[in-house]
Amino acid sequence: MATASDDTLLASFALGDPDAAAAFIRRYQGRVYGLARSMVGDPGLAEDVAQEAFIRAWRNAQAYDSRRGSVHTWMLVITRNLAIDAMRLRRAQPVDPEVFSTLDLRASPARGPEASAETSAEMRDLRAALDDLPAEQRQALLLAGLCGRTAAEISEIESIPLGTAKTRIRTGLQKVRSSMARRSTDQ
C-alpha cells in the first residue's frame with residue numbers, strides 16, 4: 001500500500017480498507033498537520049483540524065476529481081478551509097460594552113521612571129487620538145475593534161441606524177489613522 005499511487009490509495013481509503021487508511025494518513029499526516037499548525041498556531045487546535053481533514057477526505061473521497069488537481073492539493077485545500085473555519089470560531093469573544101463605561105482611555109500621569117518606561121509612545125499617541133474623537137465615534141470604534149462587534153450589533157446597542165454605525169466606525173478609524181500618521185511624522 002505504501003507504494004500505491006495517491007489516487008489508488010484515496011479510492012481504497014474511501015472504501016474502508018484499513019491498510020489503505022493507515023498508509024494514506026501516514027503519507028499526508030505531516031503535510032496536513034504542518035499546514036494546520038502554520039495557520040492556527042496552536043498545536044492542539046492543529047491536531048483537531050488535521051483529524052477533521054482526514055475525516056472529510058474519507059467522507060468525500062468519491063467527490064475527488066483528478067482532473068481538478070492532485071490528491072495532495074485536494075488534501076491541503078480541505079485542511080486550509082478547515083483551519084480558516086477554526087480560526088473564525090476561535091476569534092476573540094466580544095467584551096460586554098458596559099465595560100467601556102468604566103474604561104479610562106486617557107493617559108495616566110507617570111508615577112515615576114518605571115511607569116514612564118512602561119508607557120510606550122505609540123500607546124500615548126493612540127490614547128490621544130482616541131481622546132480627540134467625538135464620544136459616539138470612539139464608542140463605535142472601540143465596540144468594533146476591541147469587542148469584535150459588527151456594525152449591525154453596534155446599530156442595535158446604540159439604537160442608531162446601521163448606516164450611522166458604519167459611518168461612525170469608518171470616520172473614527174480614518175481620524176485615528178490620520179492622527180497616528182501625523183504624530184509619527186512630528187516625532
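Here the scattering of segment 6-89 is modelled by Debye summation over its C-alpha atoms, one equal scatterer each and no solvent; at q = 0.14, 0.22, 0.27 Å⁻¹ the log10 of I(q)/I(0) is -0.43, -0.98, -1.31.
The calculated FRET efficiency for T73 paired with T3, based on their beta-carbon distance and R0 = 25 Å, is about 0.75.
Overall, the anisotropy analysis places segment 1-51 in the prolate class: the square-rooted eigenvalues a ≥ b ≥ c of its C-alpha gyration tensor yield a/c not less than 1.5, with a/b exceeding b/c. If the chain linking S178 and D48 were pulled fully straight, counting 0.36 nm for each residue of separation and taking away their Cα-Cα distance, it would gain 42.6 nm.
Across segment 6-89, the mean sequence separation of Cα contacts (distance under 8 Å, 6 or more residues apart), normalised by length, yields a relative contact order of 37 percent.
Taken together, the values in this text are just the output of simple stated rules run on the coordinates, not laboratory data. Values in this document were obtained by computation on a predicted structure and should not be read as measured data. Cβ sites come from the backbone with ideal geometry, for glycine too, and all protein chains shown count toward neighbours.
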